[in-house]
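Worksheet: the structure to be examined is printed underneath.
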Amino acid sequence: MAVFKGITPDQVAQICIGQYAGVDEVGRGPLIGNVVTAAVILDPNNPIEGLNDSKKLSEKKRELLFEQIQQKALSVSVGSASPDEIDELNILHATMLAMQRAVAGLNIKPTSVLVDGNRTPDFGVESHAIIKGDGLIDAISAASIIAKVVRDREMDALAAQYPQYGFEKHKGYPTKAHFEALAEHGVLPEHRKSFRPVREALDNNSLS
């Protein structure tokens, strides 16, 4: 595995060869829900305009690109790890597991895997970690968009189930509103019990 930081256009050309998959994750920081990953193999003969790091795109643009990626990519796969798996393994190892699941779910075996970040799990094929790769390599950008839209939809569904928590707004991240909801309404089964604010909320509830 190679780790690239400040990757040059020549290096991008050297590693973006064959039917390579881009991989990214969304949801390492939230206090609730799955960590979601996606793997995407793009079709060089059917390019998609406007791909970028999902965090730099509006929700409307992400939704539009999500549909285009599903229609135009050679293969798209989503993987996830549950709150229970996150609590058991820790968030880093659960994220690596979710990435492996996403790549394993592709209907085309990739020639290599390019991951946003500074490490990759074992995919059984050559892999590279590219720091800030979601803004540099289209396949990783596409994966970041798929993962973001899927996880946001999961949070919207959770918001419908538990409207008092405001998940449609903060998406489960550790915001003031989320902390206040935890204090007032308690910990949900979908919360990550190993995360300190959730653990503290459980402790406080047991004392009250």
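Would you confirm whether any residue within the stretch 60-74 is surrounded by fewer than 17 Cβ atoms within 10 Å (Cβ to Cβ), over 26 Å from Ile108 (Cβ atoms), out of contact with any strand residue (DSSP E or B) (no Cβ under 9 Å at 6 or more places or on another chain) and of a type outside the set (Gly, Ala, Ser)? Within the stretch 60-74 (the criterion being surrounded by fewer than 17 Cβ atoms within 10 Å (Cβ to Cβ), over 26 Å from Ile108 (Cβ atoms), out of contact with any strand residue (DSSP E or B) (no Cβ under 9 Å at 6 or more places or on another chain) and of a type outside the set (Gly, Ala, Ser)), the answer is yes, since at least one residue qualifies. Sort out which residues of the stretch 135-153 are touching a residue at least 60 places away in the same chain (Cβ under 8 Å) and open to solvent by 10 Å² or more (accessible area, probe 1.4 Å), and write them in order of number. Answer for the stretch 135-153, where residues must be touching a residue at least 60 places away in the same chain (Cβ under 8 Å) and open to solvent by 10 Å² or more (accessible area, probe 1.4 Å): Gly135, Leu136, Asp138, Lys148, Val150, Asp152. Looking at the stretch 2-94, the helices (runs of 4 or more DSSP H) lying wholly inside it that each contain 1 or more residues that are under 26 Å from Val198 (Cα atoms) and among the hydrophobic types (A, V, I, L, M, F, W, C) sit at 83-89. Of all the numbered requirements in (1) touching a strand residue (DSSP E or B) at 6+ places or on another chain (Cβ under 8 Å); (2) exposed (fewer than 14 other Cβ atoms within 10 Å of the Cβ), Asp156 misses one, and that requirement is (1). Counting only residues that are among the hydrophobic types (A, V, I, L, M, F, W, C) and loosely packed, with under 14 Cβ neighbours inside 10 Å, the stretch 4-50 holds 2 of them. Could you tell me whether Asn118 is open to solvent by 40 Å² or more (accessible area, probe 1.4 Å), part of a loop (DSSP other than H, G, I, E, B), touching a residue at least 40 places away in the same chain (Cβ under 8 Å) and closer than 30 Å to Val198 by Cα? Taking the combined requirement at face value, the residue satisfies it.
Scanning the stretch 159-204 for residues that are in a loop (DSSP other than H, G, I, E, B) and open to solvent by less than 20 Å² (accessible area, probe 1.4 Å) gives Gly166, Gly172, Gly186, Leu188, Arg192. Contact annotation: residue pairs with Cβ atoms under 8 Å, 6 or more positions apart or on different chains, pairing a residue in the stretch 20-37 that is closer than 10 Å to Pro83 by Cα with a partner that is open to solvent by 10 Å² or more (accessible area, probe 1.4 Å) and β-branched (Val, Ile, Thr), are Val35/Val26; Val35/Ile91. Inclusion of Ser127 among residues that are in a strand (DSSP E or B), hydroxyl-bearing (Ser, Thr, Tyr) and touching a Lys or Arg at 6+ places or on another chain (Cβ under 9 Å) is not warranted. Scanning the stretch 137-146 turns up one or more residues that are over 27 Å from Ile32 (Cβ atoms) and assigned to a helix (DSSP H, G or I). Among the residues of the stretch 75-84, those identified as touching a residue at least 40 places away in the same chain (Cβ under 8 Å) and either touching a helix residue (DSSP H, G or I) at 6+ places or on another chain (Cβ under 7 Å) or crowded, with 20+ Cβ neighbours inside 10 Å (or both) are Val76, Val78, Gly79, Ser80, Ala81, Pro83. Among the residues in the stretch 114-125, are any touching a Cys at 6+ places or on another chain (Cβ under 9 Å) and at negative phi? Yes, some residue in the stretch 114-125 is touching a Cys at 6+ places or on another chain (Cβ under 9 Å) and at negative phi.
The values are calculated or read from the model by the stated rules, or taken from the named source; none is laboratory data. Note that the structure is predicted; figures quoted are calculated from it, not measured. Neighbour counts run over all protein chains shown; Cβ positions are idealised from the backbone, glycine included. The protein model used for the area step is the full one, side chains on, heavy atoms only, and it has no ligands, DNA or RNA in it. Shrake-Rupley method; radii C 1.70, N 1.55, O 1.52, S 1.80 Å.
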